[in-house]
Amino acid sequence: MHGCFHIVKYLNEGVDKVHCTEHRELQQDGDVRLKGGRQVLLFNPESLSEEKSDKLGALRKNSLAAGRAWGLKELFRFFWQEIDAVGGRAFFASWYAWAIRSGFDPNNKVAIMLKNRVDRFLRLFGSPISDGAAEGLEGRIQAIGSATRGLRIFNAKEFDRLLR
């Protein structure tokens, strides 16, 4: 488990699985309410166009599982607004209980995975450093490794160019 980016990624994957399953079931009955809904469920609601925002509103009002799974994912956004790890732990306990009661297997799996790692990401409250810088450095290291494959002679000038 890395940082908040990865947590959001896992939550989005849970919503996507619920959406796909429900969309398949609805299509068998000729219901196309979820058609074109994947994008609106996975994107940040503030960045949606007016048309897509209306589509999201309709999905939420229909009491569909995909809309409820989206609500669970969106609720977790408030976790990051907690002031400290104590508030974060209390929020997580409440969110986790709701996620487990949701009955959506993909969301349950994500919730259980997060619960098993809750102490790791609660540490993010005590650190002003994001994991973006570390991941950027890791990317550069991987680029250097890729660029040097097959090189037999160390070339200091080429190495300096790769670091820029």
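The values are calculated or read from the model by the stated rules, or taken from the named source; none is laboratory data. What you see is a predicted model; the values in this text were computed from it and never measured. For neighbour counting, all protein chains shown are included, and Cβ atoms are generated from backbone atoms with ideal geometry for every residue, glycine included. Heavy atoms of the whole protein, side chains included, go into the accessibility calculation; ligands, DNA and RNA do not. Shrake-Rupley method; radii C 1.70, N 1.55, O 1.52, S 1.80 Å.
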Filter result for the condition that a residue is over 29 Å from F121 (Cβ atoms), surrounded by 14 or more Cβ atoms within 10 Å (Cβ to Cβ), without any contact (Cβ under 8 Å) to a residue 40 or more places away in the chain and out of contact with any strand residue (DSSP E or B) (no Cβ under 7 Å at 6 or more places or on another chain), over L75, L34 = L34
Members of the stretch 78-117 that are among the aromatic types (F, W, Y), open to solvent by less than 60 Å² (accessible area, probe 1.4 Å) and touching a residue at least 24 places away in the same chain (Cβ under 8 Å) = F92, F104
Expected output for the stretch 128-147 (first residue assigned to a helix (DSSP H, G or I), partner surrounded by 10 or more Cβ atoms within 10 Å (Cβ to Cβ) and at pLDDT 70 or above, Cβ below 8 Å, 6+ apart or cross-chain) is G132/F5
Take the residues of the stretch 56-72 that are open to solvent by 60 Å² or more (accessible area, probe 1.4 Å) and in a helix (DSSP H, G or I): which is modelled with the highest pLDDT?
-> R68
Residue satisfying condition, being out of contact with any strand residue (DSSP E or B) (no Cβ under 8 Å at 6 or more places or on another chain), touching a residue at least 24 places away in the same chain (Cβ under 8 Å) and aliphatic (A, V, I, L, M), within set L56, L48, L64 = L64
